[in-house]
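Just so it is clear, none of the values below were taken in a lab; they were calculated from the coordinates. This structure is a prediction, so every number in the text was calculated from the model and none was measured. Note that each Cβ is placed from the backbone with ideal geometry, even for glycine, and that neighbours are counted across all protein chains shown.
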Amino acid sequence: MAILIKGGRIITADADRAADVLIEGERIAEVAESIDCPDADVIDASGKYVFPGFIDPHVHIHLPFMGTNAIDDHASATKAALAGGTTTVIEMICPGPDDEPRAAFEEWKALAEQGACCDFTFHLSVVRFDELAKQQVRELVASEGVASFKVFLAYKGALDIADEQLFELMEIAKELGVIITAHCENAEAVDAMQKRLIAEGKTGPEWHEPSRPRCVEADGVSHLCAFAELTGAHVYIVHTSCDAAVEQAMEAKDRGVNVFVEAVAPHLVLDKTCAERPDFEGAKYVMSPPLRDAEEHEHLWKALACGKMLTIGTDHAPFNFQGQKDMGRDAFTLIPNGIPGIQERVDLIHTHGVCENRIDLQTMVRACSTNAAKIFGMYPRKGAIAPGSDADLVIYDPAYEGVFTQSESESQADYSGYEGTPQRGRPSLVLRRGEVVARDGRYIGGEGGGHYIVREPTH
Ligand code: URP
Ligand code: ZN
Ligand code: ZN
């Protein structure tokens, strides 16, 4: 049976207009000022926005990291995503230094195929880089629809990659036309600063930010961009937390480097005083790059408004406060890094971005959906409201007012970093390929049903 969405305000990257949307099966069949289809089920969207399904370009679900595992599985994380209006996620495959890339890809894909309720695809982290790994990453691009790699310049001795290997990987990426996404912090500087602070007895979560200050991140961005300039690879800087790092990327862009910059919700909304909360509560807010001074918020919002930053992800990396974050009670270096937020992202951006007049609705759509689809080779299947696109749609109620709370989240994390803060707007209905799977901020679909999105190299 067809579905007809009537009377909504359609907001896409390039249009803002009143129109109806007809869905047949899993695809959008027609978008027009007024559509009549007597046989269709009608959804009344008057007073609501109709957005393309949102895409989160940076999530961690299966994540063995810092001696533990992130607490969500694919079912809980993707139900949370859908409840919050995100219909496609790009998950980081994060193998260890001894793991083969193909085995890692197969492990992550099997888990997602078993549990994921929304559509999914992957950035493949390259940690091991011997001859076998090189051969396998080439094969994964050629035959498995992998179109982006991930590198960590941070996490010395665990996930980081040597410069010699980084250079060669970027040459391969250039040759294959895939994009390198990168966590940019100077690993050696972080390591030295951590040792110094711990030796001085500065062990609490509030010392996490001083151990990796802004210059460390800006240095990482500059380093990556120099390699991009030399190899011609396209690079995408993930979770950029501060103006200094954004400006390093912009300087490189001015020199002709193909660089894209991502923001993530925690850096736009939370600040480093969160990590100073007493009774070890600050550990809930330890992530890398760290939360910065609140003054950085305006820099980042402006960078989004003017297109210096193109996407907003979450960097969803959920670790429980009890039993996981508290592994670092004696040393902040042992606190698993990450903050949950896959469900809250869209509402946070609406609340703090659109309602505060920092960005407009179309910038929100570009940053939270369309630009990721374009950069990562999913457009116009995803990120668009157009005939032939997947019928991933969010009918959004801008008038809703409430508060964020962990108790209403599908994520299994035992806290929300946004607990008790005001929420303005929420998805009334979320459609995943033509099926209603969430209503009023709650997941109402069945188990599974997410599809793996095969991607093509983009340049
Ligand atoms: O603190 C963070 N961001 N945790 C997840 C791993 C990463 O660096 O993205
Ligand atoms: Zn990272
Ligand atoms: Zn991450």
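Which whole-angstrom value gives the distance between the alpha carbon centres of region 9-65 and region 322-360?
Value for the Cα centre distance between the two parts: 27 Å.
Taking neighbour counts of Cβ atoms within 10 Å as a proxy for exposure, in what order, fewest first, do C355, C184 appear? Mind showing how you got there, number by number?
Working: C355 13, C184 27.
Going from least to most buried by this count: C355, C184.
Nearest 500 deg cm²/dmol is fine: what mean residue ellipticity at 222 nm does the chain get from its DSSP H runs of n ≥ 4 alone, each adding -39,500 (n - 2.57), divided by its residue count?
After summing the helix terms and dividing by the residues of the chain, the value is -8500 deg cm²/dmol.
May I ask you to compute the full-extension gain from C355 to C306, defined as 0.36 nm times their residue separation minus their alpha-carbon distance, rounded to one decimal in nm?
15.9 nm
Just want to confirm a number: the relative contact order over region 290-443, from Cα pairs under 8 angstrom separated by 6+ residues, in percent. Don't jump to the answer; show the numbers that get you there.
On the way: 232 pairs, mean separation 31.9, N = 154.
Here the relative contact order equals 21 percent.
With each pseudo-label sitting 7 Å past Cα toward Cβ, what's the R138-I444 distance in nm, one decimal?
Between R138 and I444, the simple spin-label model gives 5.2 nm.
Using the number of other C-beta atoms within 10 angstrom as an exposure proxy, rank I161, I61 with the fewest first.
Ascending Cβ contact count within 10 Å gives the list I161, I61.
At a threshold of 8 angstrom on Cα-Cα distance, excluding pairs fewer than six apart, so keeping six or more, what relative contact order does the chain reach in percent?
On the way: 1147 pairs, mean separation 103.8, N = 459.
Relative contact order here is 23 percent.
Which of the pairs K272/K374; K79/K284; K79/K109; K272/K302 have their Cα atoms more than 28 Å apart in this structure?
Those over the limit are K272/K374.
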